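The values are calculated or read from the model by the stated rules, or taken from the named source; none is laboratory data. As the structure is a computational prediction, the values presented were derived from the model and not from experiment. Cβ sites come from the backbone with ideal geometry, for glycine too, and all protein chains shown count toward neighbours.
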Amino acid sequence: RTRPKRPDSLDELLVNAAGAALRRAQARLEAVDRSGDEALRRRSARRQAITAVVGVSGGRDSTALLQVMAGLARKRGTGLGEVVAVHVHHGISRHADAWLAHCEAAAGALGLRFVGRQVTVQRSGRGLEAAARDARYEALADVAADVGAQVVCCAHHRDDRVETFLIQWMRGAG
């Protein structure tokens, strides 16, 4: 008999943190709904609803952000009209095409418009990750301009630096 695989403790921590953040955001949304803040409704009625671009990698943090933003767009009085999910395909990972398909499916499941943008990463003296980040932010800004978005949202959790260090360490980087 084999034992069932135990979840990796880091993976479990990330899942729990993302779930807790999503529950807190949902509770805040519900509190706004219950409060019936008339001033917010009047102000939103006078203003044109904004469009937001959400950068989606397919990871837990960006997926949680996408779900929260989709929920906000469905709520009256938030001032958020449309949410456009954007995945930037760097072509660096052998799984890049699968991540693109995953993100497109996630956006579709939430009823959101999806834009996939392929970029070419130009390595610079700062390294591949920095070059990919620059290309990603440029692509997000381009899509925002194309769709008329006033806001660009990207998700990063508190432990991104730790995660980056661990990835580099596992790759054997110095």
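Go through 79, 108 for me and flag whichever is in contact (Cβ under 8 Å) with a residue 12 or more places away in the chain, touching a strand residue (DSSP E or B) at 6+ places or on another chain (Cβ under 7 Å) and farther than 18 Å from residue 154 by Cα.
Values: 108 fails: in contact (Cβ under 8 Å) with a residue 12 or more places away in the chain.
That would be 79, the only listed residue that is in contact (Cβ under 8 Å) with a residue 12 or more places away in the chain, touching a strand residue (DSSP E or B) at 6+ places or on another chain (Cβ under 7 Å) and farther than 18 Å from residue 154 by Cα.
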Report task. Tell me which of these residue 31 doesn't satisfy, since it passes every other one: (1) surrounded by fewer than 16 Cβ atoms within 10 Å (Cβ to Cβ); (2) modelled with pLDDT of 90 or more. Result -> (2)
Report summary line: Of (1) buried (at least 19 other Cβ atoms within 10 Å of the Cβ); (2) at pLDDT below 90, residue 72 fails just (1)
**Report entry** Top-ranked residue in the stretch 121-163 [being among the basic types (Lys, Arg) and in a loop (DSSP other than H, G, I, E, B); ranked as modelled with the lowest pLDDT]
**Finding:** 158
